[in-house]
Amino acid sequence: MFFTTILSVFLFAGAVSNASPISAQSLIVFSPHITSPKASMIWCAGSTHNVTWDTSNIPAEKRESTGLVLLGYDGRNSENLDIAHPLASSFPISRGFVAVTVPKTVAPRDDYFIVLFGDSGNMSPKFKIRKA
Ligand SMILES: *[C@@H]1O[C@H](CO)[C@@H](O)[C@H](O)[C@H]1NC(C)=O
């Protein structure tokens, strides 16, 4: 269920950003391991944080790829990914970090996560967002 949703989100994101058409190169899937946010971190609405990930295993073919960071939360049968408001997009995946600002209007919850898309999605552990 999760990965099906992730795949459709990726394809959708690719469609709206005019990503290059699927090629043989796209079949090499790189799924970056997220090192921050960590489990049980608390972010405040309106605050800025770096999302960080491991870049040590990026295949040579993927070093020029750009990434996309979406916020989601656990919900009944859904990841509730906020596709309409990416936290970050079009940054180089080889950089290993991107600063994101939590929207001021985000509702406090204990079960947020971010998904970092290289060409396949990778999910962070759950963390909390509180009112500022
Ligand atoms: C994000 O990381 C970069 C590089 O280490 C650093 O310069 C920047 O201050 C960090 N930003 C935040 C919001 O922590």
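Tabulated results
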read-out: Under 15 Å, Cβ to Cβ, from residue 43 - net charge with Lys/Arg +1 and Asp/Glu -1; value: +4
read-out: Packing-based exposure ordering (other Cβ within 10 Å, fewest first) of 52, 105; value: 105, 52
read-out: 114, 58 arranged by Cβ crowding within 10 Å, fewest neighbours leading; value: 58, 114
read-out: P(r) of the range 24-132 over all Cα-Cα pairs, binned every 5 Å from zero, in whole percent; value: 2, 13, 24, 25, 17, 11, 5, 2, 0, 0
read-out: Least to most buried among 112, 73 (fewest other Cβ within 10 Å first); value: 73, 112
read-out: Full-stretch length increase - residue 77, residue 40 - with 0.36 nm per residue and alpha-carbon distance subtracted; value: 11.1 nm
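We did not get these values from a lab; they are worked out from the coordinates using the rules stated. Here the structure is a predicted model, which is why all the values come from computation and not from measurement. Methodologically, a virtual Cβ is constructed for each residue, glycine included, from the backbone with ideal geometry; neighbour enumeration extends over all protein chains shown.
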